[in-house]
Amino acid sequence: MIAAISLPLDRAGVGWLVTAVAGTVALMVSAIVPARPLPTTPEPLVKRPAAKPRPDRYGWAAATVALLAVGTFRSAGWLFALCLVMATLTGALALAGGGSMRAIAAGFTMPPIAAFRSVRWLGTGAARLRGRAEAAANVRVAATVAVSIALLTVFGALFASADAAFSEALSHLAPAVSAPTVVRWVFVFVVAGLALGGAAFLRAAPPDLTGLDGTEGRKVARFEWAVPLGLLVLLFACFVAVQLAVLFGGNRHVLETDGLTYAQYARGGFWQLSFVTALTLVVLAGAARWAPREKPADRLLLRIVLGTLAGLTLIIVGSALHRMNLYADTYGLTRLRLLVACCEAWFGLVLVLVLVAGLRIRAPWLPRVAIAAGVLALLGLAAANPDRLIAEHNIEQARTVDVRYLGTLSPDAVPGLADLDPARRDCLLAEFANQLRSNPDDWRGWNLGRDEARKIIVRDLSSWPTLCP
């Protein structure tokens with residue numbers, strides 16, 4: 001019910017945080033309140049001990065709430081969409097758990113399945129509660145709800161007509177009831193009910209994924225894995241050694257190469273090197289799973305080959321980040337460039353974790369730590385306000401500023417326009433003012449970024465510009 005009332009489907013806002021907190025509290029209450037069977041219920045033949053969730057489950061639950069809370073502070077829709085997708089993964093980890101990548105992937109599919117399996121379970125529970133309430137007292141729920149709504153409506157209308165301030169506050173709190181609003185309420189109620197029911201179902205009967213946590217598969221002979229990976233290491237080493245000028249030559253390499261532009265140097269090489277990094281992580285995961293490690297010689301060879309490959313890949317990560325930094329300094333920063341650079345930096349961190357895991361060969365903690373690092377990176381990006389960073393970075397350049405692109409950013413970028421020349425800044429502020437005026441917020445969609453943008457526009461936009469470049 002709280003989700004149906006407070007969740008804004010068309011924007012980021014505080015309603016997402018309210019819904020996340022309400023759902024978390026509901027699950028906590030359902031875990032605390034003891035089960036009380038009906039007197040007519042027979043004694044169960046088998047009693048299972050209550051499942052005790054691991055401590056990291058609480059951390060994943062907190063991460064889920066934190067990711068949904070980003071919508072309260074940042075108005076960038078692309079950023080909140082990424083947080084929302086990541087919240088589905090952390091929520092699945094909180095409910096189903098999982099240590100290896102296979103277990104995490106299996107656990108990720110379980111909340112949607114549990115949502116539909118919980119329908120009959122919730123229906124049975126509701127019937128039992130109704131029977132218990134009718135046995136305790138003849139409580140007429142429908143009449144109670146009708147009387148409550150009638151009293152609130154009558155006295156609310158009288159208070160609103162008596163005081164203008166209360167009437168304005170009530171108009172912001174109470175939505176305009178219409179057919180689309182009712183449809184949205186019903187839709188959100190059903191979806192939230194399924195999500196919460198699936199979460200309660202998994203909390204009551206958590207799955208056992210320990211059988212999927214084994215990270216070792218069928219082993220292959222030493223020759224079968226060492227030769228391909230050894231050749232790959234040689235290829236990486238030759239690339240890093242021979243193309244050192246291409247990797248880190250910077251301005252000098254671009255200027256000395258005929259027909260090579262900054263765009264060709266930075267943009268072209270970055271995507272290839274990023275794909276190389278991602279593909280190398282897959283190769284490392286496969287080698288760690290199928291390479292034998294029973295003998296000391298096998299373990300030593302595994303450390304040398306995989307460690308060298310991971311180290312060379314780290315150099316390639318540095319090259320890719322260098323190329324993107326040069327490209328951003330030359331042509332400006334965009335959302336895609338910033339996001340992909342953050343992904344490349346996360347790849348580098350995962351490679352460092354792979355090197356640390358190679359000390360003991362076996363590292364069941366690696367997938368969860370890598371996901372946690374991704375969550376922290378995304379929360380850190382939200383805290384840094386990426387749209388404002390993009391605006392400030394592009395304005396600080398000595399070259400021409402793409403004002404049209406700055407106008408496509410979210411209102412989070414408004415505080416970063418302070419150093420822009422007054423004429424173009426007024427044009428951008430007027431454009432953001434039109435966007436905010438055409439999409440007003442009620443309390444469900446309140447957002448700190450949009451609120452700050454409105455205050456800056458009211459303070460600094462003294463006159464509406466008549467001619468914009």
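Miscellaneous remarks
- Gained length - Ala157 relative to Ile2, 0.36 nm times residue gap less alpha-carbon distance: 53.5 nm
- A cut-off under 11 angstrom between Cβ atoms defines the neighbours of Gly407, and their net charge, with Lys, Arg +1 and Asp, Glu -1, is 0.
- Among 181-187, 22-28, the peptide with the highest mean count of other Cβ atoms within 10 Å heads the list, and the full ranking is 22-28, 181-187.
- Sorting 96-108, 153-165, 113-125 by average packing, meaning the other beta carbons within 10 Å per residue, from highest down gives 96-108, 113-125, 153-165.
Coordinate-derived values only; no laboratory data. Small disclaimer: the values here were computed from a predicted structure and weren't measured. Cβ atoms come from the backbone with ideal geometry, glycine included; neighbour counts cover every protein chain shown.
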